[in-house]
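The values are calculated or read from the model by the stated rules, or taken from the named source; none is laboratory data. Keep in mind that this is a model prediction, so the values were computed, not measured. Methodologically, a virtual Cβ is constructed for each residue, glycine included, from the backbone with ideal geometry; neighbour enumeration extends over all protein chains shown. Note: areas computed on protein heavy atoms with side chains; ligands, DNA, RNA excluded. Shrake-Rupley method; radii C 1.70, N 1.55, O 1.52, S 1.80 Å.
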Amino acid sequence: MKFTLKDYQDDAVYDILANFRKARKRWHEDGDKQAFSLSATTGAGKTVMAASAFEALFHGDENFDFEADRGAVVIWFSDDPSLNEQTRFRLIEASDRLIVSDLEVVQNTFNRERFEAGKVYFLNTQKLGKNSLLVRGYDPEAAAQRGEQSFPEMRPDLHSYTIWDTIQNTIEDPSLTLYLVLDEAHRGMGNTTNAAEQDKATIVTRLINGTGSVPGIPIVWGISATVERFNAAMSVAEGRSTDRKSV
């Protein structure tokens, strides 16, 4: 880390890593899904704490007595692409062990069978909307009918993967562990009349509980200044244990 953690941040990272360790063990040994939350007030340094946690997750940390998860993959999800960019910049700014290529913003051209271990992938609500290329996949005939430009690089080996295919393949790969981080987690939970929040709530529900043949992401970490709605939703999520930390 480029920054020295404050005592409360150090304690929070210790708890986050304890949850990572427990969740990873339970997922790979018993198939149990876990969720936990971090309630961090504005100015508490959530990104600095996340950077420290990701460094340990990917590389291990003797100070936290934490062994690296060499198969760890992180999805960082929010409803705002600019917020994701801000978070990505701050992670790079705070960490001396996470490099730019470790922090990838998922673009519409993204097309891989599974996510790569040791990386944080940034996704947002718009990228997982029903009309997104990531969701509907690349169909050259349909694209031509819509008058869209052809992108051959979207079809490596003449096969196209939707983002849900990638998520499913990553979850089902026994050598990988998929972690989902929900930034501003309260925005994706509970009843709302706001259309944008409804869209996020639907997508977040699919990420957590699964959709069709795609299973729910096994380990979910919610971050927010107000995580009550997230905690309430997790408490009734099917087959998912929960924990909570406030700083």
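For the structure I just gave you, tell me whether residue 129 is at pLDDT 95 or above, within 20 Å of the chain's Cα centre (by Cα) and surrounded by 13 or more Cβ atoms within 10 Å (Cβ to Cβ).
So residue 129 does not fit the description; no.
Given the criterion under 24 Å from residue 56 (Cα atoms), at pLDDT 70 or above and part of a helix (DSSP H, G or I), identify the matching residue among 170, 166.
170
Restricting attention to the range 7-33, report how many residues are open to solvent by less than 10 Å² (accessible area, probe 1.4 Å) and touching a residue at least 60 places away in the same chain (Cβ under 8 Å).
4
Mind listing whichever residues of the range 41-81 are part of a helix (DSSP H, G or I), surrounded by fewer than 20 Cβ atoms within 10 Å (Cβ to Cβ) and modelled with pLDDT under 95?
If the condition is that a residue be part of a helix (DSSP H, G or I), surrounded by fewer than 20 Cβ atoms within 10 Å (Cβ to Cβ) and modelled with pLDDT under 95, then 81 is the only one that fits.
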